[in-house]
Amino acid sequence: MDLNRNNSATLVEARVIVETVDNVEMGKTFTLPIVQWFKHEFFSSVFFKFIIAGGVAAMINFFSRIGLSLFLNYAMAIIIAYLIGMLTAFILNRLFVFDSRQGHTAHQFFYFTLVNLFAILQTLVVSLLLARWVLPTMGIEHGMEEIAHLFGICVPVFTSFLGHKYFSFRK
């Protein structure tokens, strides 16, 4: 590890923080670096395109399940529809969101799948925690599973975006 490079990066970060604090006038607020990073990642055109692509993939998942249910049992239709939706999401993200046509498709799909497996786990954990402990403690009894699942689905939107941006489709 190059200690001089690491120390100089730390000095640059420290200087930016000191300069930011020095430039703040009394009574005015300033944006913390974490807030700036959050805004950069999630208030961007790339994140907006990611949401659109995910919505399209979710609709294809939903409607393909309905069509598949004409020929398959419900559980099998859900599984195949999920895979169709995931493949749709991969293609849309690769071509339109992250513009990663030059990367190795197999490598990208491998990491895309890993990120999605992590997202499924997050959805399950958040949904179960909310439905079994948090919402009942708050006195919410009606629609617990629907509310919990909605939040469970929303959480991985952010982590999946970062996972796909920095692992699946990194440049």
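I need the full set of residues from region 70-82 which are more than 16 Å from residue 56 (Cβ to Cβ) and not polar (S, T, N, Q), in order please.
Within region 70-82, 70, 71, 72, 74, 75, 76, 77, 78, 79, 80 meet the criteria.
Residue 140 is checked against (1) hydrophobic (A, V, I, L, M, F, W, C); (2) farther than 22 Å from residue 50 by Cα; (3) part of a helix (DSSP H, G or I) and fails just one. What number does that condition carry?
Here residue 140 meets the rest and fails (3).
Need the failing condition index for residue 91 against (1) within 13 Å of the chain's Cα centre (by Cα); (2) hydrophobic (A, V, I, L, M, F, W, C); (3) loosely packed, with under 15 Cβ neighbours inside 10 Å; (4) assigned by TED's automatic domain parsing to the domain that holds residue 51, just the number.
(1)
Among the residues of region 110-151, which ones are under 26 Å from residue 164 (Cα atoms) and surrounded by fewer than 16 Cβ atoms within 10 Å (Cβ to Cβ)?
Passing the criteria: 110, 113, 114, 117, 118, 120, 121, 124, 125, 128, 129, 150.
The values are calculated or read from the model by the stated rules, or taken from the named source; none is laboratory data. In this text the structure is predicted, and so the values were computed from the model without any measurement. Please note: Cβ atoms are built from the backbone with ideal geometry, for glycine as well, and neighbour counts cover all protein chains shown.
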